[in-house]
Amino acid sequence: MPRDNARPDAGKPDRPSPGDIFAPIPLDLLPGADEPEERTRPSLLRRFTAFLKLLFIGDAGHEQQPSSTLGERLKEGSRRMAASGQRMSKKELFAALDAPLNGLSPDDIQYAGEVDAAMSRRPTFSARALSVAVALLFAVLLVWAAVASLDEVTHAEGSVVGSRRTQSISNLEGGILRAILVNEGDIVEKGQIIAQLENVMAESSYRDALYKLVEHRLAILRLEAMLEDAEPQFPSNIAEFLNLLLGETPDDQLATRTAQIIEDQRNTWKAQSSKFQSEIAVLESQVAQRQQEAAEQQARKTQLESSLALETEQRNTAKRLLDRNNYSRMDYLGLEQKVTQTEGEIAMLAAAIPKTQAMLEEARLRINSRKAEEQLTISQEINKRRTELASVRETLTAGGDRVTRTEVRSPVRGSIKQILINTVGGVVKPGEAIMDIVPMDETLLVEARVRPQDVAFLRPGQPVMIKVSAYDFSIYGGLAGKLESISADTIEDKKGDFYYLVKVRTRETTIRHNDEVLPIIPGMLVMADIIIGKKTVLDYILKPVMKAKQNAMRER
């Protein structure tokens, strides 16, 4: 209904109500009523623009151009239509809304529709600033989405395993279990003694080899001194001698036995030297005897030769006297016989002297021969001792290994998984497993399962982030690693599911958090995030659109 009667006489006229505006209006009073029908309907763009103005501007007004009479015409038309009982059709309403309202006066704005009134007003500075800020924010977000990249990962579940499989600890020779020095779950270092065995035969053989080694070395010292015809210089510092010989500090039992061996070798040297000197003395006495015999024979020969000269002169003198008949023939024959006898003795001595000289040389040769024989015997014994020394060293090495193996040591750094023999004093068979150790290396090996549909972009060498389920990743973080290998084919588990087995090598074996070292042991469950590439945020946003585009406009 019209509100004319309710309007006060003084002051600014009231704004028409929606009923006044949309009441039947004479078509001749509406602007644009005589225009073509296609121009009488408000365009969608114009409606949307008016809506934005209402949104950002509200009822705030601005300075307007000179007013038209649209408000008065709307008011008069509303009254006339109310009096005649007619109503405005939809076409007429659109024509009224589509009438140009630019430059409405404040009075006209009171009677105009909200859409046209909003379109006639200019936006405020705050509205324009807000619009620009929204546009800039949208542009910045768009640029960030196009530039910022996110890791594209493939998830794989698995567990930590030792890079080397579980080590079964055993003893080659076996023996009696003396002690177990570790417990299940303990972390042991490489070379640490974890069990002790008793092997009496191995220890006895090793100690005998030690004694033989010391004996052969001291015997060689004795023989070398005898070879040089000198007194052997046995070591005075037994501990130093054994340390040089064995490369380790000896025990008291070995030192005591070594002192006894030194005394035995000294006595042996004395006995052998005395025997040899006695033999040489006998041979030298024989040489002296032959020398004396040769000297006596030579002296006897010299004497007989002097006597022969006198006897020969006497015989010759007697011969001259006999020729003159001044000498007895019997006396002459006696002198002749005497000369002949002396010559015979001289001849015999001349023949005996070379024999005596030969016997003297023979005696001297026997001395040299005995000395040479002694030298040869000593040299042969030295060689024999050296050969036996080398053999004993090998035996000692093997025996030492057997004795060393009675102290069972961990071959790797790892964790005691299971102790298989716990009975102290029980018999351990040769080669029987005593306990199992899970190795803990400088790096960890993770085995994880990857679904067949996720394996296409996996390559060895790709970076991996290992998240250990035992430690909250958001608090403690994870371990960086590298994809090491991918199985050549799928593997079927007990449930019938297929997967690829991948192996990841980590850079560290522990997680550090606030100076606290958190150990990671084999068997822990992990989630491996394999980084296969990078994508921008815009790629992720447009991915559904691109999928829809690829699948659009297709007919089955």
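Which length gain, in nm to one decimal place, applies between Ala358 and Glu407 when the Cα-Cα distance is subtracted from 0.36 nm times their residue separation?
Going from the current span to full extension adds 10.5 nm.
What net charge do the residues around Pro250 carry, taking every other residue with its C-beta under 12 Å from that of Pro250, with Lys and Arg at +1 and Asp and Glu at -1?
Here the charged neighbours net out to -2.
Under a point spin-label approximation (7 Å from Cα along Cα-to-Cβ), what is the Thr490-His155 distance to one decimal in nm?
It is 2.0 nm.
Say R0 is 25 Å: what FRET efficiency, to the nearest 0.05, do Ile193 and Asn243 get from their beta-carbon distance?
Computed FRET efficiency for Ile193 and Asn243: 0.60.
Mind jotting down the distance between the C-alpha centroids of the range 418-452 and the range 355-374, whole Å?
76
At 7 Å along the Cα-to-beta-carbon direction for both Ala351 and Asp539, put a label point, then send me their distance in nm to one decimal.
Taking the two extended label points, one gets 12.9 nm.
Per-residue HN-Hα couplings for the range 346-357, Karplus 6.51 cos²θ - 1.76 cosθ + 1.60 at θ = phi - 60°, whole Hz, x for Gly and Pro?
Result, rounded to whole Hz: 5, 5, 5, 5, 4, 7, 6, 4, x, 5, 5, 4.
Of Lys275/Lys384; Lys494/Lys534; Lys429/Lys503, which sit over 31 Å apart, Cα to Cα?
Over 31 Å Cα-Cα: Lys494/Lys534; Lys429/Lys503.
Work through the residues other than Ile416 whose Cβ is under 9 Å from its Cβ and net out their charges, Lys, Arg +1 and Asp, Glu -1.
-2
Could you estimate the translational diffusion coefficient of the range 154-231 from the Stokes-Einstein equation, with Rh from the Kirkwood formula over C-alpha pairs, at 20 °C and 1.002 mPa s, in whole µm²/s?
Stokes-Einstein gives a translational diffusion coefficient of 118 µm²/s.
May I ask you to evaluate 6.51 cos²θ - 1.76 cosθ + 1.60, the Karplus curve with θ = phi - 60°, for each residue of the range 537-545 and list the ³J(HN,Hα) values in order in whole Hz, giving x for glycine and proline?
Karplus values, whole Hz, x for Gly and Pro: 4, 5, 4, 5, 5, 7, 4, x, 5.
Every number in this text was worked out from the coordinates using simple rules, so none of it is lab data. As the structure is a prediction and not an experimental result, all values here were calculated from the model. In this analysis, Cβ positions are derived from the backbone assuming ideal geometry, glycine residues included, and neighbour counts consider all displayed protein chains.
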